[in-house]
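Take a look at the structure below.
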Amino acid sequence: GGSFLMIGGDHSFSLGGYGGTPIEQVLPVVLPAGGGVIQGSYRPQPNRQLIRHPIVALGPDPSLTRRTWQALPPLHGANVISGVKKGAQVLLQHPRARLPNGARLPILVVGEVDRGRVAAMTADASWRWRFASDDTTVGSDEYELFWDRLVRWLTRDPLLEPARISTDRDHYGTG
């Protein structure tokens, strides 16, 4: 029932030798033999179908969330994976790099293993979001919000769980 997060870098995912280990078994991504890192700057894009997921929803509506992600400082590089495990959700994607099956390279993937939650952040440069780019104020608050929500989601914080309302009747009159 615990949580696990792997963040990209030269010593994580396949490059860290995690292929064939118990850690690979819980990761929400499939590790390729050998692995590697893609180079270059990019701004990760939220998955359109999951734009309202509490980890990536950086605005009150999907259009503001997309604009906010586009305004954040770019990331540099990402670990290569070969796929996403069944049941996992790709929340952020690379705008250009592709998996062998043609899907966009995932940057943030979340999933559940038994009673626990797991996440794989294939980039290690999210700290760049902490610094506002140019004259914009987008950056610092969004960085803190993203990491706060990711940790809260991993630990099943009730504040991020969907609300459910039940009533004793289907219809109510005025008053």
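The values are calculated or read from the model by the stated rules, or taken from the named source; none is laboratory data. Please read these numbers as outputs of a predicted model, since none were measured by experiment. Glycine also receives a Cβ, built like all others from the backbone with ideal geometry; neighbour counts cover every protein chain displayed. Areas reflect the complete protein model, heavy atoms only, side chains present, ligands, DNA and RNA absent. Shrake-Rupley method; radii C 1.70, N 1.55, O 1.52, S 1.80 Å.
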Checklist entry - Any chance the range 160-169 includes a residue that's outside any helix (DSSP H, G or I), farther than 27 Å from G1 by Cβ and at pLDDT below 80? => result no
Next on the checklist: Whether any residue in the range 146-154 is surrounded by fewer than 13 Cβ atoms within 10 Å (Cβ to Cβ) and either farther than 22 Å from L15 by Cα or modelled with pLDDT of 95 or more (or both) is what I want to check.
Outcome noted: no
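Hey, among the residues in the range 1-55 that are assigned to a loop (DSSP other than H, G, I, E, B) and of a type in the set (A, V, I, L, M), which one's most open to solvent (accessible area, probe 1.4 Å)? Write out each step before concluding.
Here is the first cut: in the range 1-55, the residues assigned to a loop (DSSP other than H, G, I, E, B) are 1-2, 8-12, 17-21, 27-28, 31-36, 43-44, 47, 51-55.
Now restrict to residues that are of a type in the set (A, V, I, L, M): 27, 31, 33, 51, 55.
Values: L27: 3, L31: 19, A33: 107, I51: 13, I55: 0 Å².
So the residue we want is A33.
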Next on the checklist: Quick test for you: out of V29, V56, pick the one residue that is within 13 Å of the chain's Cα centre (by Cα), more than 19 Å from E144 (Cα to Cα) and of a type in the set (A, V, I, L, M).
Outcome noted: V29
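On the given criteria, is G102 modelled with pLDDT of 85 or more, exposed (fewer than 14 other Cβ atoms within 10 Å of the Cβ) and at positive phi? Explain how you work it out, then say what you get.
Working: modelled with pLDDT of 85 or more: yes; exposed (fewer than 14 other Cβ atoms within 10 Å of the Cβ): yes; at positive phi: yes.
Spelling it out, G102 is indeed modelled with pLDDT of 85 or more, exposed (fewer than 14 other Cβ atoms within 10 Å of the Cβ) and at positive phi.
Report whether or not A125 is modelled with pLDDT of 95 or more, closer than 18 Å to S12 by Cβ and in contact with a strand residue (DSSP E or B) (Cβ under 8 Å, 6 or more places away or on another chain).
Values: modelled with pLDDT of 95 or more: no; closer than 18 Å to S12 by Cβ: yes; in contact with a strand residue (DSSP E or B) (Cβ under 8 Å, 6 or more places away or on another chain): yes.
Against the criterion (modelled with pLDDT of 95 or more, closer than 18 Å to S12 by Cβ and in contact with a strand residue (DSSP E or B) (Cβ under 8 Å, 6 or more places away or on another chain)), A125 does not qualify.
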Next on the checklist: Going residue by residue through the range 34-44, is there one that turns out to be more than 16 Å from D124 (Cα to Cα) and touching a residue at least 24 places away in the same chain (Cβ under 8 Å)?
Outcome noted: no
Item to check | Breaking point among (1) more than 14 Å from the chain's Cα centre (by Cα); (2) surrounded by fewer than 17 Cβ atoms within 10 Å (Cβ to Cβ), for L72 | outcome: (2)
Item to check | Residues satisfying the stated conditions in the range 99-126, i.e. of a type in the set (A, V, I, L, M, F, W, C) and over 13 Å from Y42 (Cα atoms) | outcome: L99, A103, L108, V109, V110, V113, V118, A119, A120, M121
